[in-house]
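The values are calculated or read from the model by the stated rules, or taken from the named source; none is laboratory data. Predicted, not measured: the structure shown is a model, and the values here were computed from it. Every residue, glycine among them, receives a Cβ derived from its backbone with ideal geometry; neighbour counts consider all protein chains shown. Heavy atoms of the whole protein, side chains included, go into the accessibility calculation; ligands, DNA and RNA do not. Shrake-Rupley method; radii C 1.70, N 1.55, O 1.52, S 1.80 Å.
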Amino acid sequence: MLYFVDIHCHPSMKAFYSSLHHSQRKNMWEYIPVSPVCDELPKILKRQLDEMVKFSQTNLDNCKEGRVGVLFSSIYPVERGWFDENNITNILLGTELFTKSAICSSGFNEMLVNSLVNDITNNKKVNYFQDLSTEYYYLNSNQAKSEDNNKTFFMANSFDEIEAVELNNDNTNIALIFNIEGGHSLIDFTTYKVARNTPFRKVNKRKYSEYKRYKEQIFRNIDILKGEGEKEIYIDGNAVNMHFNHTPLFITFAHHFWNLLCGHADSLNLGGDILLNQNRAKGRKFSRLGREVLHKLLERDDNKRRILIDIKHLSIRAREEFFKIWKNDYYSKGDSFPIISSHAAVNGRQSYGLRKRIEMENNYFNDADINMFDKDIRIVFKSDGIIGLILNEVRLPGFQSSIKLKKNKRKIRKLLKKDPDDSRIEELKSENKQIYLQCLVTNMFHIVRTINEKRAWDIISIGSDFDGMIDTLDNYYSATNFINLKNDLNTFIDNCNNLLHISIDNEEFKYLKFGYTTNEILDKIFHTNAIEFLRKYFHDDFLKKGIKHKYMDINKLDELDPEDYGLSKRQRIVKISDEEIGLVKMRKSRIIMKDGEQISKLVNTIKSKDNKLKVKLIISGPICSKTVKYLKGNNIDIVSVS
């Protein structure tokens, strides 16, 4: 059985926040149970928090049991907005109950949460980049490791490192890939009020001191993330100069609260909206500072890696702006990069714009703006990006499905009080399970229908968001459930001939599988697509030079007659697809500028015969960076094959 890959989760978060002190933090393998503070809450508040998973979901023992071999491990310096009581909260709960509810819902250490609340109350510093650096230090320390030598994990720096380890064997490593959630992670603030209240205009024009100060600070921190310089952190009171040996593969640019960089989408349900305040900059576009930071993250050279962008949590206006930047400043200039939506669901809406309430209620999908529009799906596909389907009950089901799930859960609670052995309990649970499976399958097939190509199946994966303080699917609540989830999806799809609730009849359902068996589809979603994404992009050749790697058996591609394209018999060209052909240069010696100029002439000769053809250079050996830049400037993509 193939191991599973989760492209968005937080395996270190509950362990890191299990204590204020580094030496007392739990290791990454330990299960962290629900806080006993939850029992101290009144019933009405317990009910509000009941659906949120409060125990650890991706502690590495769970991952090993569920055969999750590769985790895109997202470090999230927790936003202080989660612990900031507003006036309404104070009236409804008071400080003590609010703090207890925060401890319960987060699963964090009680002393640690009290410390965060105290920092907010007394308007102390908010050092998000310090938090990020300290959690990264923890991940790479002995404190995160198990004393059991059979339980090991490693932080991968490239796809080659993952490929070199046999992850299918239960006695070997789990691989973690470092990512960041939230642009706020790049900033240290002098006080909490400065973090919360800095106006948009102050970071949207160069004349303001805030713009200049934060640009200088954030740029310096990005350089540190890319391995240039060190960050001073404090470990149990001792100063440590910490160096980042891993550059994050991607950053989720926005999150729940204002980060000085861009607008965020509405991400809280009604209860969250009442208790917390995420209104500042919600729905706004990029600030000027945000655009500058975006380009800084995307910079690459022979010494520094590009950091890719995850569009989850971006507001609609920020998303639109980002897509324009990607197209005009990168894609059109031959410097494209894959766009990621790491923990997403689709909303079934073709394009941005307001919708009527009747449309929302009749939409099978969860039509929230934070979810992916068809336009978003198409651009991710065009960029050769990847989508991780989230396992979150708040984000996945649509209006009607959510109502049905809630009704069934109310019935289950009542039946459990009367008679825990009542057979109707299992029937209702089974019905809810089918709703979850139908939601996931519907999301998958909608993505493929939107693209209407076989290759659409290549961009779908799982991004659970486990340990991200979410309301997960009841039957699939932790990494231990990945095996059951895949098996249940297999059974559901095999027994399903149509998806009439979204107007996919029997004929279209079969067509949208594009010849794949159900097992092949699920192998791609749970393993292969994420692994191939890493093969193409998770290495210095791409992140520093822009060269994709791809597993390609050249000998299995159709050979084309070079003379048909105006070339001599000495040249070798192959058919990649109906729209693409490859000019093959399989050699061990380095390709230099002189070779690049000759290659450019050959490509121009080919395109003179058919200008619509996309010609790629297929290489197996090294190529100098100047030649890469020259060829990309002439719209010639380079593929390095293994």
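For residue 462, enumerate residues with amide H under 5 Å from its amide H, sequence gap 5+ or separate chain, H modeled in the peptide plane.
The list, which skips near neighbours in sequence, is 7, 389.
May I ask you to evaluate 6.51 cos²θ - 1.76 cosθ + 1.60, the Karplus curve with θ = phi - 60°, for each residue of the stretch 117-127 and list the ³J(HN,Hα) values in order in whole Hz, giving x for glycine and proline?
My calculation for the stretch 117-127 gives 4, 5, 4, 5, 4, 9, 6, 8, 4, 10, 9 Hz in order.
Taking θ = phi - 60°, what integer Hz values does the Karplus form 6.51 cos²θ - 1.76 cosθ + 1.60 yield along the stretch 403-413, in sequence order, with x for Gly and Pro?
Karplus values, whole Hz, x for Gly and Pro: 4, 5, 4, 5, 4, 5, 5, 4, 4, 4, 4.
So how long is each side of the stretch 527-619 along the principal axes, counting just the alpha-carbon atoms, biggest first, in Å?
Computed over the stretch 527-619, the largest-to-smallest principal extents equal 40, 29, 24 Å.
At 222 nm, what helix-only mean residue ellipticity would the chain give, in deg cm²/dmol to the nearest 500, using -39500 (n - 2.57) for each DSSP H run of four or more? Write down the numbers at each step before the final one.
Numbers: 24 runs with 246 residues, N = 642.
Using -39500 (n - 2.57) per qualifying helix, the result is -11500 deg cm²/dmol.
For the stretch 297-349, what size does the Cα cloud have along each of its three principal axes, sorted from largest down, in whole Å?
41, 22, 15
Compute the long axis of helix 482-494 from its Cα atoms, compare it with the longest principal axis of the Cα atoms of the chain, and write down the angle in degrees, 0 to 90, nearest 10.
70
Let me know the charge dipole size of the stretch 1-116 about its Cα centre in debye, to the nearest 20, where only the beta-carbon of Lys, Arg (+1) and Asp, Glu (-1) is charged. Walk me through the numbers on the way to the answer.
Details: 11 positive and 13 negative charges, 35 e Å.
Dipole about the Cα centre, nearest 20: 180 debye.
Can you list the cysteines of the chain that have no other Cys Cβ under 4.7 Å away?
So far as the 4.7 Å Cβ criterion goes, 9, 63, 262, 439, 496, 624 stand without a partner in the chain.
What is the percent of Cα-Cα separations in the stretch 1-89 that go past 20 Å?
Working: 1933 of 3916 pairs.
So the pairs more than 20 Å apart make up 49 percent of the total in the stretch 1-89.
What is the set of long-range amide H partners of residue 153 at a cut-off below 5 Å, with H atoms built 1.01 Å from backbone N?
174
If you line up the long axis of helix 128-139 against the longest principal axis of the chain, both from Cα atoms, how many degrees apart are they, to the nearest 10?
Tilt relative to the chain: about 80 degrees.
Given a 1.4 angstrom probe, I'd like the percentage of the accessible area of the chain that is carbon and sulfur, rounded to a whole number.
Numbers: 12660 of 27680 Å².
Carbon-and-sulfur percentage of accessible area, whole number: 46.
Please give the helix 423-451 orientation as an angle from the longest Cα principal axis of the chain, in degrees from 0 to 90, rounded to the nearest 10.
Between the helix axis and the principal axis of the chain, the angle is about 30 degrees.
Please sort by residue number the trypsin sites (Lys or Arg not before Pro) in the stretch 183-243 whose DSSP state is loop and whose Cβ has at most 13 other Cβ atoms within 10 Å.
Working: sites: 193, 196, 201, 202, 205, 206, 207, 212, 213, 215, 220, 226, 231; in loops: 205, 206, 207, 226.
Answer by residue number: 205, 206, 207.
What distance in nm separates the simple spin-label points at residue 558 and residue 608, each placed 7 Å from Cα in the Cβ direction?
Rounded to a tenth, the inter-label distance reads 2.5 nm.
To the nearest 20 Debye, how big is the dipole of the stretch 272-314 about its Cα centre, given +1 on the beta carbon of each Lys and Arg and -1 on that of each Asp and Glu?
Details: 12 positive and 6 negative charges, 30 e Å.
Dipole size: approximately 140 debye.
Determine the dipole magnitude for the chain: charges of +1 sit on the beta-carbon of Lys and Arg, -1 on that of Asp and Glu, nothing else is charged, the reference point is the Cα centre, and the result goes in debye to the nearest 20. Intermediate values should be presented prior to the final figure.
Values: 98 positive and 86 negative charges, 516 e Å.
The calculation lands at about 2480 debye.
Express as a percent, rounded to the nearest 5, the fraction of DSSP beta bridges in the stretch 105-252 (both residues included) that run antiparallel.
Details: 7 of 12 bridges.
Restricted to the stretch 105-252, the bridges split so that about 60 percent are antiparallel.
Of the options 208, 224, 604, report the single residue whose Cα projects farthest towards the positive end of the charge dipole of the chain (beta-carbon charges: Lys, Arg +1; Asp, Glu -1).
So the residue furthest toward the plus end is 208.
Percent antiparallel among DSSP beta bridges with both residues in the chain, to the nearest 5? Before the final figure, lay out each step's value.
Working: 19 of 60 bridges.
Roughly 30 percent of the DSSP beta bridges within the chain come out antiparallel.
Please compute the Kirkwood hydrodynamic radius over the stretch 387-509, one decimal place, Å, based on all pairs of different Cα atoms. It would help to have the intermediate numbers written out before the result.
Values: mean 1/r = 0.0634 Å⁻¹.
It works out to 15.8 Å.
Using only protein heavy atoms and a 1.4 Å probe, report how much of residue 531 is accessible, in Å² to the nearest 10.
10
Provide the per-residue ³J(HN,Hα) series for the stretch 232-240, in order, calculated from phi with Karplus coefficients 6.51, -1.76, 1.60 and θ = phi - 60°, each as a whole number of Hz, with x at glycine and proline positions.
For the stretch 232-240, the Karplus curve yields 7, 10, 10, 10, 6, x, 9, 6, 10 Hz.
Amide H to amide H under 5 Å from residue 255: which residues, 5+ apart in sequence or cross-chain, H placed 1.01 Å off N in plane?
Residues meeting the amide H criterion: 183.
How do 586, 444, 1 stack up against each other in accessible area, from largest to smallest, with a 1.4 angstrom probe?
On the way: 586 90, 444 0, 1 135 Å².
Accessible-area ranking of 586, 444, 1, largest first: 1, 586, 444.
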